[in-house]
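Okay, structure first, notes after.
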Amino acid sequence: MSAILLPYTHGCFVCGADNPHGLRLKFFAHDGEIRAEFHPDARHEGYRGIIHGGVLASALDEVMFWAAAYATRRFHVSVQLDLRYQKKVEVGKNYLLAARLAESQRRLCSTVAELRAADGEVCASATGRFFPMRRDEVPLQHEDFYPDPGALSPAQLFGEL
């Protein structure tokens, strides 16, 4: 099965294509996981040469959001994020974010994620809990998403916004 590029916005800190300060990650659905390549640079560092933990938390939170959203076809808000930093994440190296839905109940989704180095070693792991939003609560419109013909459209994924 080939990877499916998920929709992304103009301004989001993590996936926003037009955010000059953002991570500009693109998320793909592939083999039951949501994945994104992560190439952090000096703009993302805390200590010299090491990526700030808050940036990693943002990236892990977003990949888990997409795991919940893709599986349920609904927007969610984060209600709990638990992280474990296991190995330093360095400027200029290549990493993979991967998440999957662990459990879906009517009122809450649970997810798990990892940030892996190029050799597969886990640098950080996370679990998250996400609350589904009602359609009338979603503060996005179709025009908030980047018009990428190679990506699944918001309407294909979520229906009408």
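Any read-out appearing in this document is the output of simple, stated calculations on the displayed coordinates, not a laboratory observation. This is a predicted model, so every value here is computed, not measured. Quick reminder, even Gly has a Cβ in these numbers, built from the backbone with ideal geometry, and neighbours come from all protein chains shown.
Data for the structure
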| quantity | calculated |
| --- | --- |
| Loop-located GluC sites (Glu not before Pro) in the stretch 69-143, at most 13 other Cβ atoms within 10 Å (DSSP) | Glu121 |
| Helix-only [θ]222 nm of the chain, DSSP H runs n ≥ 4, -39500 (n - 2.57) each, per residue, nearest 500 | -5000 deg cm²/dmol |
| Residue-wise HN-Hα coupling along the stretch 35-45, computed from phi with Karplus coefficients 6.51, -1.76, 1.60 (Hz; x: Gly, Pro) | 10, 8, 7, 10, 10, x, 10, 4, 5, 9, 7 |
| Full-stretch length increase - Ala118, Tyr85 - with 0.36 nm per residue and alpha-carbon distance subtracted | 10.2 nm |
| Nearest-0.05 FRET efficiency for Arg48 and Glu160, computed from C-beta distance (R0 45 Å) | 0.40 |
| Semi-axis lengths (Å, descending) of the ellipsoid that matches the C-alpha gyration tensor of the chain | 25, 18, 15 |
